[in-house]
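For reference, the structure is listed below as structure tokens.
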Amino acid sequence: MLYSDHHVHTKFSPDSQADVVEYILKAKELGLEYIVFTDHMEFGVKSPKFQRYIDYDYYIRYMKELEEEYEIPIKIGVEIGYERNYKEKIEEFLNKYDFHIIIASIHYDVGGESFYSGNFYKNRSKYETYLAYFELVLDMVENFNNYHVVGHLDYIPRYSPYEDKHYNYDDYREILDLILKAIIGNKRGLEVNTSGLRTDLKVSFPREEVLNRYRELGGKYLSVGSDAHFNKDFMAHVDEAAERLRQMGFILIG
Ligand SMILES: [Zn+2]
Ligand SMILES: [Zn+2]
């Protein structure tokens, strides 16, 4: 049985037009046991585009109908965009619904500044911007526990404007250790996000060194997801990654 993609966006996410039924048909064709959707829910974001919220009562009803029509279990997950000033609102939202998987991600600086725009990188060196991003992740995992996996832990190179986007693991070893220890201490997991394999970076997030260190520190739980925003990217590299990670001794959530 193939491992189901655990990071999938649909047209319900503000940055995706992907068709829900097309995903379902693909999942059936591949013989997946079930399909998971993890649309965006962002709090405290400046961009008006991301201030469009899903009506989950409607969303759940809609998915239930499709589940019956297409005869494949549909599991509802969410990718929550964490912002520390909105922690209470986030908790309130998450406690209202029973999500199959909650992916906790950092997409914005405190105050809602996006990593996609240049402002985050202004007046900072590459080292400083990457460190600033990791500090946001550390703040999240030390103060928030209402999730299953941390999304794309080291994906900041994906949007950074530098010619050499990669980072040197040893330069961030200390803060990465703190992040991993907090996740493990809270019995939470990491996501292996295969979207980087579709870019010039040619790595998953987090990259291999981080996963090895996670295992060394006692980390066990992982999910695997493509972070598809287009139908064509559904399941991309997911099954091969899942197989390899199982062989490495990890336990896959799902
Ligand atoms: Zn994300
Ligand atoms: Zn995503």
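Readers should treat all values here as calculations from the given coordinates under stated rules, not as data from a laboratory. Just so we're clear, the structure is a prediction, and the values are computed from it rather than from any experiment. Glycine also receives a Cβ, built like all others from the backbone with ideal geometry; neighbour counts cover every protein chain displayed.
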Counted charge near Phe43, where neighbours are those whose Cβ lies closer than 11 Å (Asp, Glu -1; Lys, Arg +1): -2
Go ahead and set up a Gaussian network model of the chain, Cα springs under 10 Å, then flag whichever of Asp227, Asp15, Asp164 fluctuates most. Asp164
Anisotropy class of the stretch 86-176 from Cα gyration tensor, a/c 1.5 cut: prolate
Sparsely packed chymotrypsin sites (Phe, Trp or Tyr not before Pro) within the stretch 175-239, loop by DSSP, other Cβ within 10 Å at most 15: Phe230
Please figure out what share of the DSSP beta bridges in the stretch 32-149 is antiparallel and state it in percent, rounded to the nearest 5. 5
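With a cap of 15 neighbouring Cβ atoms within 10 Å, and only residues DSSP puts in a loop, list the GluC sites (Glu not before Pro) found in the stretch 25-59.
Those satisfying the criteria are Glu33.
Using a cut-off of 11 Å between beta-carbons, work out the net charge of the residues near Ile184 (Lys and Arg +1, Asp and Glu -1, Ile184 not included).
+4
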Could you work out how much longer the chain between Lys96 and Arg213 gets when fully extended? Use 0.36 nm per residue separation minus the Cα distance between them, nm to one decimal. 38.7 nm
Pairs Lys11/Lys64; Lys75/Lys202; Lys75/Lys232; Lys64/Lys89: which exceed 22 Å Cα-Cα? Lys75/Lys202; Lys64/Lys89
Would you please name the trypsin sites (Lys or Arg not before Pro) within the stretch 117-171 that are DSSP coil residues with at most 13 other C-beta atoms within 10 Å of their C-beta? Lys122, Arg124
Full-extension gain between Glu88 and Leu25, please, as 0.36 nm times their residue separation minus the C-alpha to C-alpha distance. 18.9 nm
Could you give the nm distance between label points at Arg198 and Tyr34, where each point is 7 Å from its Cα heading toward the beta carbon? 2.4
Pick out which of Val224, Val150, Val20 has the largest mean-square fluctuation in a Gaussian network model of the chain, springs linking Cα atoms closer than 10 Å. Val20
Over the Cα atoms, compute the radius of gyration (one decimal) and Dmax (the largest Cα-Cα distance, rounded to a whole number) for the stretch 20-252, in Å. 17.6, 54
Pick from Lys220, Lys75, Lys28 the residue whose mean-square fluctuation is largest in a GNM of the chain, springs joining Cα atoms under 10 Å. Lys28
